Every structure is written in C-alpha cells, then in structure tokens.
Amino acid sequence: MTRHQCRACRGQAGDLVLDLGEQPACDYFPKYDEPGPDPVYPLQMWLCSSCGLAQLLADPTVPEEPRGAEPAALVAQAEDAVRRVAAADLLPADGRVAEYGSPHGGSWLGLLTDRGLSPVEGTGEADVILDCFGMMHSPDQAAALAERAARLAPGGVLLLQYHSLDTIVRLRQWNALRHGHYAYYSTTALVAMLAAAGLSPRTAWSFDLYGGTVLLAAGRAGDSGPVSAGDPVGALLAAEERTGVTNPGVVSGLQGALTSHARALHRWLGAMREAGKTVAGYSAASRAVALLRLAGVDADLLPAVADASPAKQGLRMPGTTIPIISPAELRAAPPDAVLVFVSDLVIEIRASYPEIEAGGGEWVDADKLPADPSHDELTMLQAAPGAWPGSGPG
Ligand SMILES: [Zn+2]
C-alpha cells in the first residue's frame, strides 16, 4: 500500500484523525426497491503534519451528489458576503469575474454581475476569482489552487469561502467529513497553500453559516491592495492556534463526538418508539447517511425521511431501507416529531409545515440531541415547556 501524500504540500507525514469506517457513497441514493447491500467505501480524515491541511484520506472517486434545494440561509449569506466584499473596495465595477462553483449550488455570479462585473468565458484571466465551497471538491488541492492563481489578473483578488476546520473542531461537527469533499481548510493551512501558489491573504470575513464560515481574500504576493482595518486574518490564525487546529490530538476529538452523537440518536429514537411516538426524518442530506449508519438506525426506528427534492422521492437512504417520502406525505400524516438533519433548514421548514406543530408535533434538531442520558433535556425547537414527551397529534 502506497503512503498517502498530502493533497496540498505532498508531505507524507500525518495522522488519521477521524474514521467513519466503511460508508456508502452519500450521493448514491438507490431506488426504494433496489436490494442492498449498497457499495461502501472508507471515509477517513487525515491531518498533514507538514502544512496542516485536513483532508480525505482514501479517494474512492465517488461521484459528486447532484444539486439539491438551495437553503435560504446560503442565499442570504451570499448577499451579505458580496456587500461586505464590495464595501472593502475589492469589486471593481468594470472588472472581470470567474466563478468556481460548488456542485451543491449557491452561485454568486448574478450578485456580482448586478454590480457591473462581467463573467469571463472559458479559462481566461479575471480580476475577481470566486470560489465558494468549490475547491474542496478537487482531489489535487495544489493543482486546484495553482489553476486559480494562474488566472488571477495583476492586482486581482481571489475570494475563497470555506467552512472552517476551526468551526468543525470547536462545534464537534464530525459529519462535515464527506466523500467528494477532499479538503477541510483551516485558515492556517490555507495561508500556507496560498504562499506556495505565490499568493498572500489580504483580509477575511466570518459568517455564521454552518456555525462558522470564512471568506478569505487573497492577492498575488507583492501586489498592493486596499488595506483592511484591523487584522482579520491574524485574528483567525490566533483563534485557530488557541483551538489547536493543526494538533492531531485536538482534531481527533471529532471521533469522540461521532460516538456520542450516534449513541444519542439511537437512544432518542428508541425512547420515542417505546413511548409509542411516531417519528419522521427531514432532509435526505448526505450528512444524514453516515449518522444513520453509525447509529445503527434503520426503518424500524426511523420509518421515513421526507425531502423536498422530487429527484430523491421514491428512493431510500443509502445503506438502509428507510424510504424517502415527499413533503405531501409528511403533511398528510404528521408525526409526533420530525427529526431535522440539516440545522440550517430548521427555520424555513418550520414555517413551511405548520401542520406539524398544529397537530401537536415538534421539530427536533438531530445535531442537538442530548449526549448524556443523565442530562436528558432534549433541545426542542418547540418553545412550550413540557412539550416532550407530550401529547400526540389530534
Ligand atoms: Zn500538507
């Protein structure tokens, strides 16, 4: 077996910091009646000792999942981000823009052309190069960054947006680890990658998206550019130093987070079943796939997962026999609790499905189930005290 080589610096020294074992490809949603077992692949995070980049270890070349529904939170954040970048004088009105999009959607191109920038055709030079959750999908990180750097016009700005490893570690977001997501950037590792590509960071902004998302602006090393007040990049680096994002002993704390999350889910679903309560999941998101499998949850504990994407209806959750149902089916038979697998969706779906609470049901965030049975206070989204395990529908 050949040793893993860092996807950025090519170093071979590093540590396995998170191991989800064998998992189905999260993009592979089989038809409901398609018999298993579904193919599985190792899913592991490795932390480079040289440059600090956290990355997918094995590369089973799993195809990327199709675009899903774009959460309103993502759209709002894009508008906020473009406003902030413009306020920093980094969007020349007559500039050319190139976007490296994410396969999950969330293009900023419309917002940027509204400000007068013109999109570049093909692989031409651009004054603004935007990468919003795009580069993480490249197996060869050094090559992906070099390609972006090569297209950057003199005086231009590269905008990289990423869900930061600092957030993942601090908020114990072990399920950020996904097939097809090859890199999990800390600002620390990204600054080293930028230097290797002849770029240097200029400024950065932080957003609440996914618990903590960073938009980093970089230019060619040696270019002059607008100077930002304070030192936002330095502040991010200092915060990451405090967290210990390059310390394998710290990052591997995600393994313990996984174990307690999976146990909490199994325990909660078991308690609901014992209490005679009906439960459905919401959002057939890729992040739910590993959680359900690690928790040993199948259709006996979670009989269905609803999803708004018509493309996913009639399919089942990978590695399980749990069917994916339509929102209409959820409305037709509101369960006692809906377990939401994507926290960012909670506000909008709660408003979209008044039938659930009207029927006495409640919304439960799957990321906030109690970890310790001795502190069995469920994080209910329903404000009413004593709502759980309260009355059922009707
Ligand atoms: Zn490295």
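Filtering region 259-287 to residues that are among the aliphatic types (A, V, I, L, M) and in contact with a strand residue (DSSP E or B) (Cβ under 7 Å, 6 or more places away or on another chain) leaves Leu269, Met272, Val279, Ala280, Ala284.
On inspection, Leu177 passes the criterion of being modelled with pLDDT under 95, buried (at least 16 other Cβ atoms within 10 Å of the Cβ) and among the hydrophobic types (A, V, I, L, M, F, W, C).
So for region 27-43 (the condition being in contact (Cβ under 8 Å) with a residue 12 or more places away in the chain and on the phi > 0 side of the Ramachandran plot), does at least one residue qualify? No, region 27-43 has no match at all. Each residue in region 198-212 was checked for being crowded, with 18+ Cβ neighbours inside 10 Å and over 19 Å from the mean Cα position of the chain (by Cα), and 5 pass.
When you scan region 228-237, do you find a residue that is at pLDDT below 95, surrounded by fewer than 22 Cβ atoms within 10 Å (Cβ to Cβ) and of a type in the set (S, T, N, Q), even just one? Within region 228-237 (the criterion being at pLDDT below 95, surrounded by fewer than 22 Cβ atoms within 10 Å (Cβ to Cβ) and of a type in the set (S, T, N, Q)), the answer is yes, since at least one residue qualifies. Taking region 35-58 as the range and being at pLDDT 90 or above and not in a strand (DSSP E or B) as the test, the residues that pass are Ser49, Ser50, Cys51, Gly52, Leu53, Leu57.
Helices (runs of 4 or more DSSP H) fully within region 273-364 that include at least 2 residues being out of contact with any Phe, Trp or Tyr (no Cβ under 7 Å at 6 or more places or on another chain), crowded, with 23+ Cβ neighbours inside 10 Å and on the phi < 0 side of the Ramachandran plot: 286-294. Among the residues of this structure, Val305 does not count as one that is under 20 Å from the mean Cα position of the chain (by Cα) and more than 28 Å from Gln44 (Cβ to Cβ). A residue that is surrounded by fewer than 17 Cβ atoms within 10 Å (Cβ to Cβ) and away from the ligand (no atom under 16 Å from the Cβ) can be found somewhere in region 20-29.
Of everything in region 296-314 that is modelled with pLDDT of 95 or more and of a type in the set (A, V, I, L, M, F, W, C), the residue that is farthest from Ala333 (Cα to Cα) is Val297.
Taken together, the residues in region 149-170 that are part of a helix (DSSP H, G or I), surrounded by fewer than 24 Cβ atoms within 10 Å (Cβ to Cβ) and among the charged types (D, E, K, R) amount to 1. Would you check which residues across region 171-188 are hydroxyl-bearing (Ser, Thr, Tyr) and part of a loop (DSSP other than H, G, I, E, B) and list them? Of everything in region 171-188, those that are hydroxyl-bearing (Ser, Thr, Tyr) and part of a loop (DSSP other than H, G, I, E, B) turn out to be Tyr182, Tyr185, Ser186. Out of all the residues in region 189-206, is one or more in contact with an Asp or Glu (Cβ under 8 Å, 6 or more places away or on another chain), under 25 Å from Asp80 (Cβ atoms) and not in a strand (DSSP E or B)? Taking every residue of region 189-206 in turn, none turns out to be in contact with an Asp or Glu (Cβ under 8 Å, 6 or more places away or on another chain), under 25 Å from Asp80 (Cβ atoms) and not in a strand (DSSP E or B). Restricting attention to region 245-260 and to residues that are farther than 17 Å from Gly296 by Cα and of a type in the set (Ser, Thr, Tyr), the residue that is surrounded by the most Cβ atoms within 10 Å (Cβ to Cβ) turns out to be Thr246. Of the set (1) within 16 Å of the ligand (Cβ to nearest atom); (2) within 29 Å of Ala311 (Cα to Cα); (3) among the charged types (D, E, K, R); (4) modelled with pLDDT of 90 or more, all apply to Arg10 but (2).
The values are calculated or read from the model by the stated rules, or taken from the named source; none is laboratory data. Here the structure is a predicted model, which is why all the values come from computation and not from measurement. Cβ atoms come from the backbone with ideal geometry, glycine included; neighbour counts cover every protein chain shown.
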